[in-house]
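Here is the structure we will look at, set down as structure tokens.
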Amino acid sequence: MQSNDALEEEIARLRLELAQKDREAARLRETDRLTGLRNKHLLNEKLNKFGQKALLVADLSRFGTINAVYGTKVADYTLRQVAAILLYNLPSNATLYRFAGDEFVYLFDNPEPKQVERFAKQLLGFVAQSAIIYEEIEIRIAFAIGIAYGEGSDLLLGYAMIALQEAKAMGPNQLAVYTPEMDTFKRQKSNLYWIPRVRQAIENEAIESWYQPIVDNVNGVAERCECLARMRDEFGAVIDPYLFLEAAEISGILTAITKSIIMQSFAYFENKKSHFSINITDSDFQEGYLEDMLSFRLKKHGLSASQITLEIVESVRSMTIGSHISQLTRLKEMGFLIAADDFGVEHSNFARLLAIDLDFIKIDKAFICNLTSDLRSEMIVRNLVKFAQSIGAKTIAEYVSTKEIYEKVRDLGVDYSQGFFFGKPHRLIYNGE
């Protein structure tokens with residue numbers, strides 16, 4: 001039988017052991033296991049403490065490519081080395097956290113004026129001269145950096161993330177400091193305003209199909225038209241799509257708009273010989289309803305698939321995902337025509353279009369608006385026309401707003417024109433169902 005002294009010693013040992021385990025558990029909760037840095041849970045706690053603070057969010061550029069090309073082992077090694085580089089450059093009044101994936105955060109307490117911007121520029125310069133070596137692989141790293149100042153709160157992180165998005169838009173090794181005037185912030189505020197309103201418009205059947213003529217450049221006749229979405233608000237005002245479509249996509253109701261336009265346009269053109277086009281989004285392909293709905297509508301309204309062009313925004317993933325291409329192929333087999341919309345913008349990829357039997361290429365407005373005064377735009381349009389001819393597709397110039405632009409696109413061999421020179425969008429009126 002143990003003595004009282006021995007029992008007390010054993011209890012004390014157990015208490016000490018439990019305390020050590022509690023401290024270790026707390027450390028693990030607050031530590032990123034891959035890099036050993038503080039994690040985002042601890043960051044959230046520190047953010048809510050009083051005092052002037054600044055956040056610097058550094059996003060490792062092209063990390064997804066590193067992961068895809070070299071694999072997880074090299075990617076993890078890269079993150080550990082990046083963490084070491086960032087720690088080496090740690091200011092005395094800052095702490096470093098791994099926030100998520102390839103994002104790292106410096107939290108500054110009581111920063112001096114312009115201290116964080118100066119530090120960010122030094123950091124970008126340092127990493128631009130750095131390379132991570134794994135066996136025989138040399139990996140060059142770059143960051144996009146977002147900065148925000150203010151009182152400690154969760155809002156500060158949101159502001160820094162908005163600045164980060166602005167920096168990413170500028171390219172690698174760029175930084176941005178948050179201001180309320182930033183485009184990303186404006187878009188977020190705009191979307192918060194429009195999300196409930198577009199939901200209400202769908203519930204109230206206040207999404208309308210309007211049409212804009214598309215003119216044959218050879219005979220000057222409007223042989224086809226594009227069906228465009230408009231929204232009518234509670235006061236009867238007509239809202240242009242650029243204001244509400246992003247909000248609809250964010251809230252997961254973009255396909256409801258496409259379905260509404262399909263129903264209205266098919267009903268309007270019932271038993272007519274008209275040719276018209278409808279915009280199809282990545283969300284529509286993801287939902288996978290197009291073949292069944294379009295087939296049903298053709299039979300219901302006495303239309304032929306060859307009358308209808310499905311305009312695919314060329315910059316979306318639809319042109320690269322296997323399941324999307326399969327849907328496009330089956331829609332082509334049903335007789336629908338396919339157009340690549342907004343063609344020629346930064347995401348365009350000529351090679352991947354060879355997997356799709358395109359009927360039309362719509363040349364983006366960026367190359368049409370200044371066509372009469374910009375030689376570079378003229379060269380691009382000329383080459384796009386040649387490319388379209390090489391794959392057997394027709395070309396359509398968007399945003400043809402003047403007689404001079406119209407004459408220029410005709411001279412360059414563009415097949416069709418669309419824009420305010422021929423008419424603004426008008427409402428489709430039909431009797432409903």
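The values are calculated or read from the model by the stated rules, or taken from the named source; none is laboratory data. Given the structure is predicted, the values throughout are model-derived calculations rather than measurements. Reconstructed Cβ throughout: ideal geometry from the backbone, glycine too, with neighbour counts over all protein chains shown.
Of all residues in the range 174-190, none that is at pLDDT 90 or above has its Cβ atom under 9 Å from the Cβ atom of a residue that is assigned to a loop (DSSP other than H, G, I, E, B) and charged (D, E, K, R), 6 or more apart or on another chain.
Quick grid of which residues meet (1) without any contact (Cβ under 8 Å) to a residue 24 or more places away in the chain; (2) touching a Ser or Thr at 6+ places or on another chain (Cβ under 8 Å); (3) among the β-branched types (Val, Ile, Thr); (4) over 17 Å from Tyr88 (Cβ atoms):
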residue: Gly101; (1), (2), (3), (4): no, no, no, yes
residue: Val105; (1), (2), (3), (4): no, no, yes, no
residue: Phe119; (1), (2), (3), (4): no, no, no, no
residue: Phe126; (1), (2), (3), (4): no, no, no, no
residue: Glu135; (1), (2), (3), (4): yes, no, no, yes
residue: Glu138; (1), (2), (3), (4): yes, no, no, yes
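The combined condition, being among the aliphatic types (A, V, I, L, M), over 26 Å from Met231 (Cβ atoms), surrounded by fewer than 20 Cβ atoms within 10 Å (Cβ to Cβ) and touching a residue at least 12 places away in the same chain (Cβ under 8 Å), is not fulfilled by Ile363.
All of (1) farther than 22 Å from Gln307 by Cα; (2) surrounded by 14 or more Cβ atoms within 10 Å (Cβ to Cβ); (3) modelled with pLDDT under 90; (4) not small (Gly, Ala, Ser) hold for Arg376 with one exception: (2). I'd like the residue in the range 169-201 that is small (Gly, Ala, Ser) and within 28 Å of Gln115 (Cβ to Cβ) and, out of all such residues, is surrounded by the most Cβ atoms within 10 Å (Cβ to Cβ). The residue in question is Ala176.
Could we say that Phe296 is within 21 Å of Leu331 (Cβ to Cβ), in contact with a helix residue (DSSP H, G or I) (Cβ under 6 Å, 6 or more places away or on another chain), assigned by TED's automatic domain parsing to the domain that holds Leu331 and not basic (Lys, Arg) here? Against the criterion (within 21 Å of Leu331 (Cβ to Cβ), in contact with a helix residue (DSSP H, G or I) (Cβ under 6 Å, 6 or more places away or on another chain), assigned by TED's automatic domain parsing to the domain that holds Leu331 and not basic (Lys, Arg)), Phe296 does not qualify. Residues that are hydrophobic (A, V, I, L, M, F, W, C), outside any helix (DSSP H, G or I), at pLDDT 95 or above and under 25 Å from Ser326 (Cβ atoms) do occur in the range 295-307, at least one of them.
Filtering the range 257-281 to residues that are in a helix (DSSP H, G or I) and either without any contact (Cβ under 8 Å) to a residue 40 or more places away in the chain or surrounded by fewer than 18 Cβ atoms within 10 Å (Cβ to Cβ) (or both) leaves Thr258, Lys259, Ile262, Phe266, Ala267. Scanning the range 242-254 finds one or more residues that are under 27 Å from Pro196 (Cα atoms), assigned to a helix (DSSP H, G or I), touching a residue at least 12 places away in the same chain (Cβ under 8 Å) and not hydrophobic (A, V, I, L, M, F, W, C).
Taking Asn93, is it at pLDDT below 90 and in the same structural domain as Glu136 (by TED's automatic domain parsing)? No: the conditions fail for Asn93. Would you confirm whether or not the range 112-132 contains a residue that is under 17 Å from Lys49 (Cβ atoms) and in the same structural domain as Asn67 (by TED's automatic domain parsing)? No, there is no match, as no residue in the range 112-132 is under 17 Å from Lys49 (Cβ atoms) and in the same structural domain as Asn67 (by TED's automatic domain parsing). Of the residues making up the range 87-124, those that are surrounded by 14 or more Cβ atoms within 10 Å (Cβ to Cβ), more than 28 Å from the chain's Cα centre (by Cα) and assigned to a helix (DSSP H, G or I) number 3. Residue count for the range 392-424, restricted to those that are under 22 Å from Leu358 (Cβ atoms) and either loosely packed, with under 14 Cβ neighbours inside 10 Å or of a type outside the set (Val, Ile, Thr) (or both): 14. Taking the range 337-373 as the range and being at pLDDT 85 or above, in a loop (DSSP other than H, G, I, E, B) and closer than 10 Å to Ala393 by Cβ as the test, the residues that pass are Leu358, Asp359. Considering the range 133-168, and only residues there that are acidic (Asp, Glu) and surrounded by fewer than 17 Cβ atoms within 10 Å (Cβ to Cβ), the residue that is farthest from Leu42 (Cα to Cα) turns out to be Glu136. Tallying residues that are closer than 15 Å to Val215 by Cβ and in a helix (DSSP H, G or I) within the range 374-410 yields 7. Is it true that some residue in the range 30-53 is modelled with pLDDT under 80, surrounded by fewer than 19 Cβ atoms within 10 Å (Cβ to Cβ) and of a type in the set (Phe, Trp, Tyr)? Yes: one or more hits. For the subset of the range 202-241 comprising residues that are part of a strand (DSSP E or B) and of a type in the set (Asp, Glu), which member is surrounded by the most Cβ atoms within 10 Å (Cβ to Cβ)? By that ranking, first place goes to Glu226. Kindly evaluate Trp194 against the criterion of being touching a Pro at 6+ places or on another chain (Cβ under 8 Å) and modelled with pLDDT of 85 or more. No. For the condition β-branched (Val, Ile, Thr), in contact with a strand residue (DSSP E or B) (Cβ under 7 Å, 6 or more places away or on another chain) and not assigned by TED's automatic domain parsing to the domain that holds Tyr77, Ile147 does not qualify.
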